Amino acid sequence: MRDVHANAEVSVERGVAYGHGKLLDIYRPDSGSGPAGGPAPTVLLWHGAGPDERYALAPLAVAAASHGLTVAAFTRRAPTTGSSPIEDLREAGAAPVPFWLAHGTGDVVVDIAASREFAALLTGKGWPVWFEEQPTDHAGIIGAEYDPAAGRVRPAAAAAAVAAGELSARMVAEAAGVLPQAGATG
């Protein structure tokens, strides 16, 4: 599959069963290895509560795989708790884990206030947070755009959405340690 964002080749394995009748897609750099020549680090993309929308994460997964990552697409609320990460963090005294967050300022599906609240909660707990607000909508943050005729998203053509998707892919690559970190913000 040709990566429209980084002009790199990636391999895609679609419809891999992982339990409870659910499927995920796995994206790998064609070389099969990470930037340092070893195994490609693996990241999990989680699309919140969207029911079985692996296709929605495809543009971001391809862009992240082009940075030398293996990516698995995953959906739904946390299967271990049934709750959201914000709910879990409020209840638990978990050890700090770095978070990379990106949200479109034009998102009318999920209010950006939710990401701002999550970032503030994490920062208040002393956790490292990288938070980017981008001038795009809900689908644009993952490098996609909504196609009303198809009733679903497709890879984005709009410059702001393509740029936001690439930023999200870079953030995923930074989180996985294959690209240098740009710096924490709160």
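All of the numbers you see were taken from the coordinates with simple rules; none came from a lab. Since we're looking at a predicted model, the values are computed, not measured. With ideal geometry, Cβ positions are generated from the backbone for all residues, glycine too; neighbour counts draw on all protein chains shown.
Within the set of other residues whose C-beta is less than 12 Å from the C-beta of A113, count the net charge using Lys and Arg as +1 and Asp and Glu as -1. Show your work: numbers first, answer last.
On the way: positive: R116; negative: D107, D111, E117, E133.
Within the 12 Å Cβ shell, the charges total -3.
Inter-label distance, E9 to K22: 3.3 nm, where each label sits 7 Å from its Cα along the C-beta direction. Could you calculate the FRET efficiency of Y55 with E117 from 1/(1 + (r/R0)^6), where r is the beta carbon distance between them and R0 is 25 Å, rounded to 0.05? Here the calculated transfer efficiency is 0.30. The amide H of A156, built 1.01 Å from its N in the peptide plane, has A144, E145 as neighbours under 5 Å, considering only residues 5 or more places off or on other chains.
For L101, the residues 5 or more places off, or on other chains, whose built amide H falls under 5 Å of its own are W130, F131, E132.
The gain in end-to-end length when the A157 to V110 segment is fully stretched comes to 14.7 nm, 0.36 nm per residue minus the alpha carbon separation.
Could you work out the local net charge near Q181, counting Lys and Arg as +1, Asp and Glu as -1, over the other residues with Cβ closer than 12 Å to its Cβ?
On the way: positive: R170; negative: E174.
Residues close to Q181 contribute a combined charge of 0.
A150 to V97: extension gain in nm, 0.36 nm per residue of separation minus the Cα-Cα distance? All intermediate terms of the calculation are to be shown ahead of the outcome.
Numbers: separation 53, 0.36 × 53 = 19.08 nm, distance 3.84 nm.
Result for the pair: 15.2 nm of gain on full extension.
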